[in-house]
């Protein structure tokens, strides 16, 4: 069953299109988590309409209005909206009360050079941004810790998922067997063809998984033309999480492909680099 469930009402043009991580929201006791679609925003073409990214050439005022619409739609204050300046790396940063609101209205105030954020603070809404890359969600209901990671192919081969799990352990005492994870909407292997430069970075990881006897749900690389292959980043991130100690039953995996479903999502690759960005979010309400 698809874990990210659409909650957009087509009759409300100014209502942000949302895909809630429904089981977590229902079970989490004040937890909110999900992913935005492309409808219900203030941006004009080619970013129409719910573009969440300040870095794609859109009007900043439109982007800020879109971000406010997200906060309003989930019942949170825009002041809680906290994000990093993503660089396709593997840095993980803890977010405390003093960091709340970082990057909500300016890239210069974002947590710099960071693709993963984590917090044990209620009332902090972690947010990150995507054109096709893989959103990774983490929630430890025992330690009450949340985290987000942005995993393109570079972040994936740097094992940002494993790094986030380990950072949750060292900073907050989280145990992998207690951590729930989710892999959100992103480009699927149906649309993501890459060259040997990328494949040569992925194959050593696959060999590690094979030696570790990690459960395989789907093929990671499917051959296409010579020197190219279709890459399943979702499955690779799932295997990395299992190798890091996450129980397979604690991994939610979205089937949504941003490349195929451009009626619902932006796709940087399939729209020739002229597209808006979606946002992932996660946060815990105060006790």
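Could we say that residue 88 is part of a strand (DSSP E or B) and either touching a residue at least 60 places away in the same chain (Cβ under 8 Å) or crowded, with 24+ Cβ neighbours inside 10 Å (or both) here?
no
Please determine, by comparing only the residues of segment 122-153 that are free of Cβ contacts under 8 Å to residues at least 40 places away in the same chain and part of a loop (DSSP other than H, G, I, E, B), which one is nearest to residue 88 (Cα to Cα).
143
Just the residues that are in contact with a strand residue (DSSP E or B) (Cβ under 7 Å, 6 or more places away or on another chain) and either free of Cβ contacts under 8 Å to residues at least 12 places away in the same chain or surrounded by fewer than 19 Cβ atoms within 10 Å (Cβ to Cβ) (or both), please, taken from segment 158-172.
Result: 171, 172.
Based on what the data block shows, is residue 67 in a helix (DSSP H, G or I) and within 13 Å of residue 281 (Cβ to Cβ)?
Answer is yes for this residue.
Please find, among 64, 54, the residue that is touching a strand residue (DSSP E or B) at 6+ places or on another chain (Cβ under 9 Å), closer than 27 Å to residue 257 by Cα, crowded, with 17+ Cβ neighbours inside 10 Å and modelled with pLDDT of 95 or more.
None of the other options fit; the residue is 54.
Specify the residue that is surrounded by the most Cβ atoms within 10 Å (Cβ to Cβ); the eligible residues are those in segment 258-287 that are modelled with pLDDT under 95 and either under 24 Å from residue 78 (Cβ atoms) or in contact with a helix residue (DSSP H, G or I) (Cβ under 7 Å, 6 or more places away or on another chain) (or both).
Among those that are modelled with pLDDT under 95 and either under 24 Å from residue 78 (Cβ atoms) or in contact with a helix residue (DSSP H, G or I) (Cβ under 7 Å, 6 or more places away or on another chain) (or both), it is 285.
The conditions are (1) surrounded by fewer than 21 Cβ atoms within 10 Å (Cβ to Cβ); (2) more than 17 Å from the chain's Cα centre (by Cα), and residue 113 fails exactly one of them. Which is it?
(2)
Give the residues of segment 206-235 that are in contact with a helix residue (DSSP H, G or I) (Cβ under 8 Å, 6 or more places away or on another chain) and touching a residue at least 60 places away in the same chain (Cβ under 8 Å), sorted by residue number.
Listed by number, the residues that qualify are 231, 233.
The values are calculated or read from the model by the stated rules, or taken from the named source; none is laboratory data. What you are looking at is a predicted structure, and each value in this text was computed from that prediction instead of being measured. Glycine gets a Cβ as well: all are built from the backbone with ideal geometry, and neighbour counts include every protein chain shown.
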